[in-house]
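What follows is a set of notes on a single structure, which appears directly below.
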Amino acid sequence: MKQLWRICLVCLLFVVGTACAKPLEEVEVTREVIVLETALPQEGVPVVSRDLFLRATEMVVTRIVEETPEAVVGTPTPPEPEPKELVVCQAAEPDSLFLYSTRMLDKENIHHTIYENLVTQRDYGYQAQGIEKLPSLEDGDAVLQTVTVQAGDTVLSADDEVMTLAEGVEVVNAARERVTFDGTPLEMQQLVVDFTLKPMVWSDGKPVSAADSVFSFEVNRTVEVPFTTVDTFRTARTAGYEATDDLSLRWTGLPGWLDQTYFLNVWIPLPEHQLGKYDVDLLHELPDSARRPLSSGPFMVVDWQPGDFIALAPNPHYYRRAEGLPKIGPLTFRFSPDPNQLLADLLSGQCDIVTQSAVNFGQIEFIMDAEESGLLQASIQSGVIFEHLAFGIDSFGEYGDENGRPDWFQDVRVRQALAMCTDRQGIMEQIMFGQSEVWDGYASPTHPLHPSGAAQWSYDVTKANALLDEVGYLDSDDDGIREDLTTGTPFAIELITSVGAELRPRIVSRIAQNWLECGVRVTEKGLPGLELFALGPDGPLFGRRFDVALFAWTSGMEPPCQNWQSDQIFGAEDSIGDNNVTGWFNLAFDAACQQTQQTFWDSPEFIAGHQAAQLVFAAELPSLPLFPRVKLAVARPEVLNFDLDATQNSELWNLFEINLQE
């Protein structure tokens, strides 16, 4: 009973606190949860009256205490089981359910209910779902052929641009040589990939066909939606996409485009028999495609009340109905931008799931307490957006590099020392409540491409100070700050980061405390995002005019080695980008990273290149990875088969499997 009243009071205090809460956008918020330990509510409790206490906790008590059924005489006929209704609460309402309009996670959640996933991406890998298998060069359903091209053909240039072949255009020929086209026909490589759809059925009973996938490709290629940019990267690099049978498709790439993930070049079908009669550019607003589209997935839309909810019912023609899927009956999506209100609705039973878009990381302490008390289940997963410190190794123009300050970070031993002087595990446990993980590189330690034997720089202030002594940065005047003995300049650096994210100042504060133990003084400079991330040379980050910078990069399915390649250094000769803000240059790293970009996904060369690049990075530390941000969603304890994944954007990709405990 003591635990019950403790739970109830936690809920009461939470509900009372929602009145002054504000939704999270890019600002991370923390809040404290006060728990009053008491066996029963006592007379004269100063927080609230006994009656108000009981009324506020009624919703929780009714969920915990089961009613005793009345005795029944005889053996009545068992009633039909009531359909299991699931209510999903998320932050935003889609403007349209049209497949090729605005992109947002809350719309993707609903797409998983009405369109069968053809391919999923979980655990840093790809899996076939609505297609029979992932095509592969090894199995022969993907082929790399040699074709002859001539003037006027559309090809991919050596610089990865879609171009009409003409004299002077540089391409990569079939021998993998970079050549300049002189008008003479030449040979190039071209990918051809075959896919087979599973036998799906539209919610109106019509079979899903390969022609529906071709129709979807044409819509993707040609549609123009106001105020949005439809992704046409793949369609622009496609030479042909055709149905070769009722369920079979063939994709042909442009000569020269050796797409590493060619097995993804299949389009989610759209019902041509329903939508083919309409002007493509109107599909984003027509009821048949935007409000109540036909479904090939486990559910279909039956009602949409703008500003309130979208109601769905099981698709009676879902091709996996014989497997007992989906496992629930009616499905409702509700919308609210207030994360505290939605969490209160979850506790009161008005929501079964609150998605990651609607959960505030500042609620994590309360969520963890509530999970421990059995009120909800938390799904917490390290994501692919990771915080890191970029060192200003080779600055641009007149900043640093003996122009205004010593070149503090050129010596790798300084970077290694500062890594050992940073209590990354302690910072993660304090800032992220122990729910993330420390990375030693730019990919998760659980990533299949993560190498074994990578250098790890554990927190060790003694070793860090010894290494800085070895470099020659010493505290000659015993003021606690090291100096560059050549110039007498104190080792005092500026750490820049973006303002508005509440967690960042806390991270900077801990880093400043850590580095002071190694004789390095840190001053924080917070900049508005538009100023911090402005392009070079104006932006301090991408213009390479900073000492140390704290910001986030995205890792993901493929580790992003290109962010530290030398051709990504702004202002460098032959530069094609500016992602390498550190100015670090390493030939071995460049070669390994380049190898990954010239081979196919999962090939031995692809794997070896990524692992070699990460080994160099971990030893050289042009940047110091900290930890990834976490994904956080919550559900009632009765919800089954609900889980977050690092690389699957939406946690609702498997709604057909989600169930409610009897």
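The values are calculated or read from the model by the stated rules, or taken from the named source; none is laboratory data. For clarity, every value in this text was computed on a predicted model and none was experimentally measured. No Cβ is skipped: glycine too gets one built from the backbone with ideal geometry, and neighbour counts run over all protein chains shown.
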Count, please, the residues in region 140-196 that happen to be under 12 Å from Leu258 (Cβ atoms) and out of contact with any strand residue (DSSP E or B) (no Cβ under 9 Å at 6 or more places or on another chain).
-> 1
Pick from region 509-538, criterion at pLDDT below 95 and in contact with a Phe, Trp or Tyr (Cβ under 6 Å, 6 or more places away or on another chain), ranking: surrounded by the most Cβ atoms within 10 Å (Cβ to Cβ) | Gly536
Out of curiosity, is Ile353 modelled with pLDDT of 95 or more, of a type in the set (Val, Ile, Thr) and farther than 21 Å from Phe656 by Cα?
-> no
Selection from region 575-590 of residues that are of a type in the set (A, V, I, L, M, F, W, C), assigned to a loop (DSSP other than H, G, I, E, B) and surrounded by fewer than 22 Cβ atoms within 10 Å (Cβ to Cβ) | Ile576, Phe585
Residues Thr196, Thr235, Thr252, Thr244: which one is closer than 19 Å to Trp601 by Cβ and modelled with pLDDT of 95 or more?
-> Thr252
Is there any pair linking a residue in region 364-387 that is touching a residue at least 40 places away in the same chain (Cβ under 8 Å) to one that is of a type in the set (Ser, Thr, Tyr) and part of a strand (DSSP E or B), with Cβ under 7 Å and at least six apart or on different chains, and which?
-> Val384/Thr554; Ile385/Thr554
Is there a residue in region 400-408 that is over 30 Å from Thr446 (Cα atoms), free of Cβ contacts under 8 Å to residues at least 24 places away in the same chain and not charged (D, E, K, R)?
-> yes
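Residues checked against (1) modelled with pLDDT of 95 or more; (2) assigned to a helix (DSSP H, G or I); (3) within 30 Å of Gly329 (Cα to Cα); (4) in contact with a helix residue (DSSP H, G or I) (Cβ under 6 Å, 6 or more places away or on another chain):
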| position | (1), (2), (3), (4) |
| --- | --- |
| Phe551 | yes, no, no, no |
| Glu573 | no, no, no, no |
| Ala592 | yes, yes, no, yes |
| Gln598 | no, no, no, no |
| Phe606 | yes, yes, no, yes |
| Gln611 | yes, yes, no, no |
| Leu615 | yes, yes, no, no |
| Leu624 | yes, no, no, yes |
Just a yes or no: is a residue in region 257-278 assigned to a loop (DSSP other than H, G, I, E, B), acidic (Asp, Glu) and more than 23 Å from Asp153 (Cα to Cα)?
-> no
Does Leu389 qualify as being of a type outside the set (Val, Ile, Thr), in contact with a helix residue (DSSP H, G or I) (Cβ under 7 Å, 6 or more places away or on another chain), within 25 Å of Pro540 (Cα to Cα) and in the same structural domain as Thr486 (by TED's automatic domain parsing)?
-> no
Of the residues Leu186, Leu165, which is closer than 9 Å to Pro255 by Cβ and assigned by TED's automatic domain parsing to the domain that holds Ala210?
-> Leu165
For region 124-146, indicate whether the set of residues that are of a type in the set (Val, Ile, Thr), farther than 26 Å from Val301 by Cβ and not assigned by TED's automatic domain parsing to the domain that holds Leu449 is non-empty.
-> yes
For region 101-130, name all the residues that are of a type in the set (A, V, I, L, M), surrounded by fewer than 19 Cβ atoms within 10 Å (Cβ to Cβ), closer than 20 Å to Val354 by Cα and touching a residue at least 40 places away in the same chain (Cβ under 8 Å).
-> Leu105
Some residue of region 315-329 being hydrophobic (A, V, I, L, M, F, W, C), touching a strand residue (DSSP E or B) at 6+ places or on another chain (Cβ under 7 Å), assigned to a strand (DSSP E or B) and crowded, with 20+ Cβ neighbours inside 10 Å = no
Looking at Leu346, Leu325, Leu294, Leu342, which one is within 28 Å of Leu376 (Cα to Cα), touching a helix residue (DSSP H, G or I) at 6+ places or on another chain (Cβ under 7 Å) and in contact (Cβ under 8 Å) with a residue 60 or more places away in the chain?
-> Leu342
